1. For the condition within 16 Å of the ligand (Cβ to nearest atom), in the same structural domain as residue 422 (by TED's automatic domain parsing) and over 27 Å from residue 431 (Cα atoms), what is the one hit in 338, 375?
2. Output the number of residues of the range 74-95 satisfying the condition of being farther than 24 Å from residue 431 by Cα and free of Cβ contacts under 8 Å to residues at least 60 places away in the same chain.
3. Does the range 196-215 hold any residues that are surrounded by 15 or more Cβ atoms within 10 Å (Cβ to Cβ) and at pLDDT below 90, and which are they?
4. Can you name the residue in the range 315-327 that is under 25 Å from residue 273 (Cβ atoms) and part of a loop (DSSP other than H, G, I, E, B) and, of all such residues, is nearest to the chain's Cα centre (by Cα)?
5. State all residues of the range 104-130 that are part of a helix (DSSP H, G or I) and in contact (Cβ under 8 Å) with a residue 12 or more places away in the chain; if no residue qualifies, say none.
6. Return a yes/no flag: does the range 401-413 have any residue that is touching a residue at least 24 places away in the same chain (Cβ under 8 Å) and under 20 Å from the mean Cα position of the chain (by Cα).
7. If you check residue 279 against the conditions, is it away from the ligand (no atom under 13 Å from the Cβ) and out of contact with any helix residue (DSSP H, G or I) (no Cβ under 9 Å at 6 or more places or on another chain)?
8. Among the residues that make up the range 301-309, is at least one of them under 18 Å from residue 462 (Cα atoms), outside any strand (DSSP E or B) and more than 12 Å from the ligand (Cβ to nearest atom)?
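The values are calculated or read from the model by the stated rules, or taken from the named source; none is laboratory data. This is a predicted model, so every value here is computed, not measured. Cβ sites come from the backbone with ideal geometry, for glycine too, and all protein chains shown count toward neighbours.
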Ligand SMILES: [Zn+2]
(Lines give C-alpha, C1' and ligand atoms only; values in the text may rest on other atoms or scores of the structure.)
Protein backbone atom coordinates (compact mmCIF):
# COMPACT_ATOMS: atom_id res chain seq x y z
CA UNK A 1 0.00 0.00 0.00
CA UNK A 2 1.23 3.47 -0.83
CA UNK A 3 2.15 5.67 2.10
CA UNK A 4 -0.58 8.18 1.31
CA UNK A 5 -3.22 5.47 1.17
CA UNK A 6 -1.97 4.18 4.49
CA UNK A 7 -2.31 7.57 6.15
CA UNK A 8 -5.89 7.78 4.91
CA UNK A 9 -6.50 4.31 6.29
CA UNK A 10 -4.95 5.18 9.63
CA UNK A 11 -7.01 8.35 10.03
CA UNK A 12 -10.09 6.31 9.17
CA UNK A 13 -9.21 3.84 11.90
CA UNK A 14 -8.61 6.59 14.44
CA UNK A 15 -12.00 8.14 13.73
CA UNK A 16 -14.00 5.06 14.62
CA UNK A 17 -15.44 5.24 18.13
CA UNK A 18 -15.08 2.20 20.32
CA UNK A 19 -18.25 0.20 20.55
CA UNK A 20 -19.83 -0.05 23.96
CA UNK A 21 -20.31 -3.78 24.38
CA UNK A 22 -17.68 -6.46 24.59
CA UNK A 23 -16.67 -6.49 20.96
CA UNK A 24 -12.91 -6.39 20.96
CA UNK A 25 -12.63 -8.52 17.84
CA UNK A 26 -14.12 -5.79 15.70
CA UNK A 27 -13.38 -2.58 17.55
CA UNK A 28 -11.06 -0.27 15.69
CA UNK A 29 -7.91 0.17 17.65
CA UNK A 30 -4.88 2.31 18.01
CA UNK A 31 -2.00 0.84 19.92
CA UNK A 32 0.12 3.18 22.04
CA UNK A 33 3.21 1.15 21.18
CA UNK A 34 2.65 1.14 17.40
CA UNK A 35 2.90 4.70 16.10
CA UNK A 36 2.39 5.60 12.45
CA UNK A 37 6.14 5.50 11.87
CA UNK A 38 6.60 2.00 13.33
CA UNK A 39 8.13 -0.21 10.66
CA UNK A 40 5.25 -2.73 10.94
CA UNK A 41 2.47 -0.18 11.51
CA UNK A 42 0.66 -0.57 8.22
CA UNK A 43 0.59 -4.35 8.43
CA UNK A 44 -0.41 -4.43 12.13
CA UNK A 45 -3.24 -1.92 11.59
CA UNK A 46 -4.35 -3.75 8.48
CA UNK A 47 -4.74 -6.96 10.49
CA UNK A 48 -6.32 -5.12 13.43
CA UNK A 49 -8.83 -3.43 11.13
CA UNK A 50 -10.22 -6.82 10.16
CA UNK A 51 -10.11 -8.14 13.73
CA UNK A 52 -7.37 -10.59 12.68
CA UNK A 53 -4.74 -9.17 15.05
CA UNK A 54 -5.63 -7.99 18.52
CA UNK A 55 -3.63 -6.16 21.15
CA UNK A 56 -1.59 -7.87 23.83
CA UNK A 57 -3.53 -5.59 26.21
CA UNK A 58 -6.34 -3.04 25.88
CA UNK A 59 -3.98 -0.31 24.70
CA UNK A 60 -0.80 -2.04 23.52
CA UNK A 61 -0.06 -4.41 20.68
CA UNK A 62 3.18 -5.73 22.12
CA UNK A 63 5.07 -5.65 18.79
CA UNK A 64 8.32 -6.88 20.37
CA UNK A 65 6.74 -9.72 22.33
CA UNK A 66 7.53 -13.21 21.13
CA UNK A 67 4.72 -14.91 19.24
CA UNK A 68 3.35 -18.05 20.87
CA UNK A 69 1.87 -21.00 19.02
CA UNK A 70 -1.55 -20.22 20.50
CA UNK A 71 -1.42 -16.62 19.30
CA UNK A 72 -0.26 -17.72 15.86
CA UNK A 73 -3.19 -20.14 15.68
CA UNK A 74 -5.58 -17.34 16.60
CA UNK A 75 -4.22 -14.92 13.98
CA UNK A 76 -4.21 -17.50 11.21
CA UNK A 77 -7.61 -18.79 12.32
CA UNK A 78 -9.14 -15.33 12.19
CA UNK A 79 -7.54 -14.61 8.82
CA UNK A 80 -9.03 -17.81 7.37
CA UNK A 81 -12.37 -17.30 9.17
CA UNK A 82 -12.03 -20.61 11.00
CA UNK A 83 -14.45 -21.46 13.80
CA UNK A 84 -12.92 -19.79 16.86
CA UNK A 85 -15.57 -20.83 19.36
CA UNK A 86 -13.73 -21.96 22.46
CA UNK A 87 -14.19 -25.68 22.88
CA UNK A 88 -12.67 -29.02 23.81
CA UNK A 89 -9.58 -29.80 21.73
CA UNK A 90 -7.69 -32.95 20.85
CA UNK A 91 -4.64 -31.68 22.80
CA UNK A 92 -4.24 -32.44 26.48
CA UNK A 93 -2.51 -29.11 27.18
CA UNK A 94 -5.21 -26.95 25.50
CA UNK A 95 -8.30 -26.72 27.70
CA UNK A 96 -11.69 -25.66 26.38
CA UNK A 97 -11.46 -22.36 28.28
CA UNK A 98 -8.17 -21.35 26.69
CA UNK A 99 -8.56 -18.21 24.53
CA UNK A 100 -7.37 -19.85 21.32
CA UNK A 101 -8.79 -23.36 21.89
CA UNK A 102 -11.30 -22.98 19.05
CA UNK A 103 -8.75 -21.77 16.53
CA UNK A 104 -6.22 -24.39 17.57
CA UNK A 105 -8.77 -27.17 17.14
CA UNK A 106 -10.07 -25.81 13.81
CA UNK A 107 -6.55 -25.37 12.45
CA UNK A 108 -5.63 -28.88 13.57
CA UNK A 109 -8.75 -30.32 11.92
CA UNK A 110 -7.80 -28.61 8.66
CA UNK A 111 -4.19 -29.80 8.88
CA UNK A 112 -2.80 -26.26 9.13
CA UNK A 113 -1.29 -26.84 12.57
CA UNK A 114 -0.28 -30.05 14.23
CA UNK A 115 0.64 -31.00 17.74
CA UNK A 116 3.24 -33.31 19.15
CA UNK A 117 3.20 -37.10 19.23
CA UNK A 118 2.28 -37.09 22.95
CA UNK A 119 -0.99 -35.28 22.09
CA UNK A 120 0.26 -31.94 23.35
CA UNK A 121 0.24 -28.67 21.42
CA UNK A 122 2.62 -26.54 23.55
CA UNK A 123 0.39 -23.46 23.14
CA UNK A 124 2.78 -21.12 24.98
CA UNK A 125 5.87 -22.25 23.13
CA UNK A 126 7.43 -19.48 21.08
CA UNK A 127 7.18 -19.72 17.31
CA UNK A 128 10.32 -19.79 15.18
CA UNK A 129 10.66 -18.20 11.74
CA UNK A 130 10.77 -21.69 10.25
CA UNK A 131 7.53 -22.73 11.94
CA UNK A 132 5.94 -19.48 10.82
CA UNK A 133 6.91 -20.25 7.23
CA UNK A 134 5.35 -23.72 7.45
CA UNK A 135 2.15 -22.41 9.08
CA UNK A 136 1.69 -19.74 6.42
CA UNK A 137 2.51 -22.16 3.60
CA UNK A 138 -0.10 -24.61 4.88
CA UNK A 139 -2.70 -21.91 5.59
CA UNK A 140 -2.40 -20.43 2.11
CA UNK A 141 -1.86 -23.70 0.25
CA UNK A 142 1.69 -23.06 -0.98
CA UNK A 143 3.63 -26.02 -2.35
CA UNK A 144 6.59 -26.36 0.01
CA UNK A 145 7.67 -30.00 -0.09
CA UNK A 146 7.11 -30.50 3.67
CA UNK A 147 10.49 -29.04 4.57
CA UNK A 148 11.51 -25.89 6.43
CA UNK A 149 13.65 -24.74 3.53
CA UNK A 150 10.78 -25.38 1.13
CA UNK A 151 8.49 -23.25 3.27
CA UNK A 152 11.12 -20.51 3.50
CA UNK A 153 11.45 -20.53 -0.28
CA UNK A 154 7.66 -20.46 -0.73
CA UNK A 155 7.56 -17.22 1.26
CA UNK A 156 10.68 -15.70 -0.29
CA UNK A 157 9.53 -16.35 -3.86
CA UNK A 158 6.27 -14.52 -3.14
CA UNK A 159 7.91 -11.49 -1.57
CA UNK A 160 6.48 -12.40 1.84
CA UNK A 161 9.79 -12.93 3.64
CA UNK A 162 13.43 -12.19 2.98
CA UNK A 163 16.51 -14.15 3.94
CA UNK A 164 18.87 -12.75 6.55
CA UNK A 165 21.90 -10.72 5.54
CA UNK A 166 24.06 -13.83 6.02
CA UNK A 167 22.02 -15.63 3.37
CA UNK A 168 20.20 -17.95 5.78
CA UNK A 169 16.50 -17.77 6.60
CA UNK A 170 17.04 -17.81 10.35
CA UNK A 171 14.60 -20.69 10.63
CA UNK A 172 15.39 -21.41 14.28
CA UNK A 173 15.08 -17.78 15.44
CA UNK A 174 12.07 -16.88 17.55
CA UNK A 175 9.67 -14.49 15.84
CA UNK A 176 8.15 -11.38 17.43
CA UNK A 177 4.54 -10.27 17.00
CA UNK A 178 5.44 -7.37 14.71
CA UNK A 179 7.26 -9.62 12.25
CA UNK A 180 4.63 -12.34 12.32
CA UNK A 181 2.03 -9.65 11.53
CA UNK A 182 4.09 -8.37 8.62
CA UNK A 183 4.40 -11.84 7.12
CA UNK A 184 0.73 -12.67 7.60
CA UNK A 185 -0.42 -9.34 6.11
CA UNK A 186 1.82 -9.94 3.09
CA UNK A 187 0.43 -13.45 2.66
CA UNK A 188 -3.13 -12.13 2.80
CA UNK A 189 -2.70 -9.07 0.61
CA UNK A 190 -0.07 -8.81 -2.16
CA UNK A 191 -0.07 -5.01 -1.85
CA UNK A 192 2.12 -5.44 1.25
CA UNK A 193 4.64 -7.70 -0.45
CA UNK A 194 8.27 -6.84 -1.15
CA UNK A 195 7.91 -7.66 -4.84
CA UNK A 196 5.19 -6.68 -7.29
CA UNK A 197 3.21 -9.06 -9.50
CA UNK A 198 3.56 -12.10 -7.26
CA UNK A 199 0.02 -13.28 -7.95
CA UNK A 200 -1.63 -14.38 -11.18
CA UNK A 201 -5.30 -13.76 -11.78
CA UNK A 202 -5.86 -16.99 -13.63
CA UNK A 203 -9.30 -18.32 -12.68
CA UNK A 204 -12.35 -16.86 -14.41
CA UNK A 205 -15.34 -16.40 -12.12
CA UNK A 206 -18.75 -14.76 -12.55
CA UNK A 207 -20.67 -12.69 -10.03
CA UNK A 208 -23.79 -14.42 -8.76
CA UNK A 209 -25.52 -11.57 -6.87
CA UNK A 210 -26.95 -8.19 -7.89
CA UNK A 211 -23.93 -6.31 -6.67
CA UNK A 212 -20.90 -7.58 -4.82
CA UNK A 213 -18.61 -5.40 -2.71
CA UNK A 214 -14.88 -5.81 -3.24
CA UNK A 215 -13.00 -5.25 0.02
CA UNK A 216 -9.42 -4.56 1.07
CA UNK A 217 -9.31 -7.67 3.26
CA UNK A 218 -10.94 -11.07 3.71
CA UNK A 219 -13.94 -10.20 5.87
CA UNK A 220 -16.81 -7.72 6.08
CA UNK A 221 -14.96 -5.45 8.49
CA UNK A 222 -12.69 -4.27 5.68
CA UNK A 223 -13.71 -1.21 3.65
CA UNK A 224 -14.93 -1.64 0.11
CA UNK A 225 -12.76 -0.57 -2.78
CA UNK A 226 -15.43 -1.13 -5.38
CA UNK A 227 -18.38 -3.25 -6.41
CA UNK A 228 -19.03 -5.71 -9.22
CA UNK A 229 -22.42 -6.26 -10.80
CA UNK A 230 -24.32 -9.49 -11.45
CA UNK A 231 -22.91 -11.74 -14.19
CA UNK A 232 -19.70 -9.73 -14.63
CA UNK A 233 -16.60 -11.80 -15.15
CA UNK A 234 -13.72 -11.37 -12.71
CA UNK A 235 -10.39 -13.15 -12.33
CA UNK A 236 -9.47 -14.86 -9.10
CA UNK A 237 -5.88 -15.38 -7.94
CA UNK A 238 -6.18 -17.31 -4.67
CA UNK A 239 -8.31 -17.76 -1.59
CA UNK A 240 -7.98 -16.71 2.03
CA UNK A 241 -10.45 -18.99 3.75
CA UNK A 242 -13.75 -18.51 1.94
CA UNK A 243 -12.70 -15.18 0.39
CA UNK A 244 -11.21 -14.86 -3.08
CA UNK A 245 -8.63 -12.28 -4.08
CA UNK A 246 -9.93 -11.01 -7.41
CA UNK A 247 -9.24 -8.51 -10.12
CA UNK A 248 -11.89 -6.60 -12.02
CA UNK A 249 -10.74 -3.80 -14.28
CA UNK A 250 -8.44 -1.70 -12.14
CA UNK A 251 -9.95 -3.04 -8.91
CA UNK A 252 -8.18 -5.69 -6.86
CA UNK A 253 -9.53 -7.00 -3.58
CA UNK A 254 -11.51 -9.61 -1.73
CA UNK A 255 -15.00 -11.00 -2.32
CA UNK A 256 -16.73 -13.86 -0.54
CA UNK A 257 -16.51 -17.01 -2.64
CA UNK A 258 -20.16 -17.93 -2.19
CA UNK A 259 -21.13 -15.13 -4.60
CA UNK A 260 -18.93 -16.39 -7.40
CA UNK A 261 -19.78 -19.08 -9.91
CA UNK A 262 -17.38 -20.82 -12.25
CA UNK A 263 -19.47 -20.71 -15.41
CA UNK A 264 -20.61 -17.77 -17.52
CA UNK A 265 -24.13 -19.15 -17.58
CA UNK A 266 -26.15 -18.38 -14.48
CA UNK A 267 -27.27 -21.45 -12.62
CA UNK A 268 -30.83 -21.43 -11.32
CA UNK A 269 -30.41 -19.25 -8.29
CA UNK A 270 -33.22 -20.74 -6.23
CA UNK A 271 -34.52 -17.29 -5.41
CA UNK A 272 -37.98 -16.02 -6.17
CA UNK A 273 -37.77 -12.80 -8.24
CA UNK A 274 -40.51 -11.33 -6.02
CA UNK A 275 -38.03 -11.35 -3.12
CA UNK A 276 -36.30 -8.32 -4.63
CA UNK A 277 -39.48 -6.32 -3.97
CA UNK A 278 -39.70 -7.35 -0.32
CA UNK A 279 -38.70 -4.66 2.17
CA UNK A 280 -37.55 -5.92 5.57
CA UNK A 281 -37.29 -3.27 8.28
CA UNK A 282 -35.06 -4.03 11.25
CA UNK A 283 -35.73 -2.09 14.42
CA UNK A 284 -33.04 -2.24 17.11
CA UNK A 285 -34.80 -1.02 20.26
CA UNK A 286 -33.93 2.06 22.32
CA UNK A 287 -30.81 4.11 21.49
CA UNK A 288 -29.17 7.39 22.41
CA UNK A 289 -30.44 8.69 25.75
CA UNK A 290 -32.62 5.58 26.12
CA UNK A 291 -30.22 2.78 27.03
CA UNK A 292 -32.98 0.21 27.50
CA UNK A 293 -32.38 -2.48 30.09
CA UNK A 294 -28.97 -2.89 31.67
CA UNK A 295 -27.16 -5.73 33.35
CA UNK A 296 -23.61 -6.67 34.28
CA UNK A 297 -22.30 -3.43 32.80
CA UNK A 298 -23.81 -3.62 29.32
CA UNK A 299 -26.71 -1.75 27.73
CA UNK A 300 -29.59 -3.23 25.78
CA UNK A 301 -29.36 -0.40 23.22
CA UNK A 302 -25.81 -1.47 22.22
CA UNK A 303 -26.49 -5.20 22.19
CA UNK A 304 -29.57 -4.90 19.98
CA UNK A 305 -27.97 -2.36 17.64
CA UNK A 306 -25.01 -4.64 17.03
CA UNK A 307 -27.31 -7.62 16.52
CA UNK A 308 -29.47 -5.57 14.14
CA UNK A 309 -26.43 -4.50 12.14
CA UNK A 310 -25.39 -8.13 11.85
CA UNK A 311 -28.86 -9.11 10.58
CA UNK A 312 -28.66 -6.19 8.18
CA UNK A 313 -25.32 -7.49 6.86
CA UNK A 314 -26.89 -10.86 6.12
CA UNK A 315 -29.86 -9.39 4.26
CA UNK A 316 -27.49 -7.10 2.35
CA UNK A 317 -26.08 -10.23 0.71
CA UNK A 318 -29.50 -11.13 -0.71
CA UNK A 319 -31.98 -9.54 -3.13
CA UNK A 320 -34.14 -8.42 -0.15
CA UNK A 321 -34.36 -4.69 0.45
CA UNK A 322 -33.36 -4.19 4.06
CA UNK A 323 -33.76 -0.98 6.06
CA UNK A 324 -33.08 -0.05 9.66
CA UNK A 325 -34.97 2.35 11.91
CA UNK A 326 -31.59 3.20 13.40
CA UNK A 327 -28.09 2.08 12.49
CA UNK A 328 -26.28 4.24 15.04
CA UNK A 329 -26.60 4.97 18.74
CA UNK A 330 -29.40 7.51 18.42
CA UNK A 331 -32.76 7.94 20.09
CA UNK A 332 -35.78 7.28 17.86
CA UNK A 333 -39.37 7.77 19.03
CA UNK A 334 -41.60 4.68 18.79
CA UNK A 335 -44.04 6.51 16.50
CA UNK A 336 -41.16 7.50 14.20
CA UNK A 337 -40.08 3.86 13.93
CA UNK A 338 -43.59 2.97 12.80
CA UNK A 339 -43.94 5.86 10.37
CA UNK A 340 -40.52 5.04 8.92
CA UNK A 341 -41.52 1.42 8.31
CA UNK A 342 -44.70 2.55 6.59
CA UNK A 343 -42.90 5.20 4.53
CA UNK A 344 -40.42 2.71 3.07
CA UNK A 345 -43.21 0.23 2.29
CA UNK A 346 -42.04 -2.43 4.74
CA UNK A 347 -43.38 -5.92 4.12
CA UNK A 348 -42.00 -7.30 7.36
CA UNK A 349 -40.93 -5.50 10.53
CA UNK A 350 -38.61 -7.02 13.12
CA UNK A 351 -37.93 -5.22 16.38
CA UNK A 352 -34.96 -6.49 18.38
CA UNK A 353 -34.75 -6.17 22.18
CA UNK A 354 -33.24 -7.70 25.27
CA UNK A 355 -35.38 -8.52 28.27
CA UNK A 356 -34.97 -7.73 31.94
CA UNK A 357 -36.77 -8.44 35.17
CA UNK A 358 -35.32 -11.65 36.47
CA UNK A 359 -36.45 -14.29 34.00
CA UNK A 360 -34.35 -16.27 31.56
CA UNK A 361 -34.77 -17.32 27.94
CA UNK A 362 -35.87 -16.05 24.54
CA UNK A 363 -39.35 -14.98 23.46
CA UNK A 364 -40.94 -13.37 20.41
CA UNK A 365 -44.04 -11.18 20.34
CA UNK A 366 -46.68 -10.41 17.76
CA UNK A 367 -49.79 -8.28 18.20
CA UNK A 368 -53.14 -10.01 18.10
CA UNK A 369 -56.27 -7.90 17.70
CA UNK A 370 -59.37 -8.43 15.65
CA UNK A 371 -58.87 -5.24 13.61
CA UNK A 372 -55.30 -6.18 12.66
CA UNK A 373 -55.18 -7.94 9.26
CA UNK A 374 -51.68 -9.27 9.87
CA UNK A 375 -52.23 -11.39 12.95
CA UNK A 376 -51.69 -14.75 11.25
CA UNK A 377 -48.61 -13.62 9.34
CA UNK A 378 -47.14 -11.82 12.35
CA UNK A 379 -47.60 -14.97 14.42
CA UNK A 380 -46.05 -17.07 11.66
CA UNK A 381 -43.04 -14.76 11.41
CA UNK A 382 -42.69 -14.72 15.21
CA UNK A 383 -42.86 -18.51 15.34
CA UNK A 384 -40.23 -19.00 12.65
CA UNK A 385 -37.81 -16.54 14.28
CA UNK A 386 -38.44 -17.91 17.77
CA UNK A 387 -37.75 -21.49 16.60
CA UNK A 388 -34.45 -20.48 15.02
CA UNK A 389 -33.41 -18.35 17.98
CA UNK A 390 -34.09 -21.08 20.53
CA UNK A 391 -32.19 -23.59 18.39
CA UNK A 392 -29.24 -21.19 18.03
CA UNK A 393 -29.02 -19.87 21.59
CA UNK A 394 -30.33 -22.86 23.50
CA UNK A 395 -31.80 -20.69 26.24
CA UNK A 396 -35.23 -21.44 27.70
CA UNK A 397 -38.00 -21.27 25.08
CA UNK A 398 -40.46 -18.72 26.51
CA UNK A 399 -42.52 -19.08 23.38
CA UNK A 400 -44.40 -16.88 20.94
CA UNK A 401 -46.66 -14.41 22.71
CA UNK A 402 -49.24 -11.77 22.09
CA UNK A 403 -47.78 -8.44 23.18
CA UNK A 404 -49.24 -4.95 23.18
CA UNK A 405 -46.12 -3.06 22.15
CA UNK A 406 -46.37 0.17 20.17
CA UNK A 407 -44.16 -0.86 17.23
CA UNK A 408 -46.00 -4.13 16.59
CA UNK A 409 -49.45 -2.74 17.44
CA UNK A 410 -49.34 0.34 15.22
CA UNK A 411 -47.59 -1.12 12.20
CA UNK A 412 -49.59 -2.22 9.17
CA UNK A 413 -47.47 -5.12 8.00
CA UNK A 414 -46.49 -8.42 9.65
CA UNK A 415 -44.51 -7.21 12.64
CA UNK A 416 -42.73 -8.96 15.51
CA UNK A 417 -40.64 -8.06 18.54
CA UNK A 418 -37.84 -10.40 19.56
CA UNK A 419 -36.54 -10.51 23.12
CA UNK A 420 -33.20 -12.26 22.70
CA UNK A 421 -32.63 -12.98 26.39
CA UNK A 422 -32.49 -11.39 29.84
CA UNK A 423 -29.70 -8.88 30.21
CA UNK A 424 -29.92 -9.08 34.01
CA UNK A 425 -29.53 -12.86 34.10
CA UNK A 426 -25.94 -14.10 34.01
CA UNK A 427 -26.43 -17.00 31.59
CA UNK A 428 -28.39 -14.83 29.14
CA UNK A 429 -26.06 -11.86 29.60
CA UNK A 430 -23.06 -14.03 28.72
CA UNK A 431 -24.62 -14.53 25.29
CA UNK A 432 -25.82 -10.96 24.84
CA UNK A 433 -22.33 -9.60 25.53
CA UNK A 434 -20.60 -12.05 23.18
CA UNK A 435 -19.89 -11.12 19.59
CA UNK A 436 -20.05 -14.80 18.67
CA UNK A 437 -23.51 -15.27 20.19
CA UNK A 438 -24.85 -12.02 18.74
CA UNK A 439 -23.75 -13.37 15.35
CA UNK A 440 -25.65 -16.57 16.12
CA UNK A 441 -28.76 -14.54 17.05
CA UNK A 442 -28.47 -12.49 13.86
CA UNK A 443 -28.28 -15.65 11.78
CA UNK A 444 -31.32 -17.03 13.63
CA UNK A 445 -33.37 -13.90 12.88
CA UNK A 446 -32.26 -14.01 9.25
CA UNK A 447 -33.02 -17.72 8.87
CA UNK A 448 -36.34 -17.38 10.68
CA UNK A 449 -37.34 -14.66 8.22
CA UNK A 450 -36.38 -16.91 5.30
CA UNK A 451 -38.45 -19.71 6.86
CA UNK A 452 -41.37 -17.30 7.01
CA UNK A 453 -41.08 -16.38 3.34
CA UNK A 454 -40.69 -20.02 2.42
CA UNK A 455 -43.87 -20.85 4.35
CA UNK A 456 -45.58 -18.04 2.44
CA UNK A 457 -44.71 -19.75 -0.83
CA UNK A 458 -41.60 -17.84 -1.89
CA UNK A 459 -38.64 -19.72 -3.34
CA UNK A 460 -35.76 -18.78 -1.00
CA UNK A 461 -33.66 -21.96 -0.91
CA UNK A 462 -30.79 -20.15 -2.62
CA UNK A 463 -30.52 -17.70 0.29
CA UNK A 464 -29.83 -20.10 3.16
CA UNK A 465 -26.16 -20.33 2.16
CA UNK A 466 -25.61 -16.72 3.15
CA UNK A 467 -25.01 -17.73 6.77
CA UNK A 468 -22.39 -20.37 5.95
ZN1 LIG B 1 -36.24 -3.18 24.99
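1. 338
2. Final tally of qualifying residues: 4.
3. Listed by number, the residues that qualify are 208, 209.
4. So the residue we want is 317.
5. Across the range 104-130, the qualifying residues are 104, 105, 106, 107, 108, 129, 130.
6. Looking for residues that are touching a residue at least 24 places away in the same chain (Cβ under 8 Å) and under 20 Å from the mean Cα position of the chain (by Cα), one finds none in the range 401-413, hence no.
7. Spelling it out, it is not the case that residue 279 is away from the ligand (no atom under 13 Å from the Cβ) and out of contact with any helix residue (DSSP H, G or I) (no Cβ under 9 Å at 6 or more places or on another chain).
8. Checking the range 301-309: not a single residue is under 18 Å from residue 462 (Cα atoms), outside any strand (DSSP E or B) and more than 12 Å from the ligand (Cβ to nearest atom).
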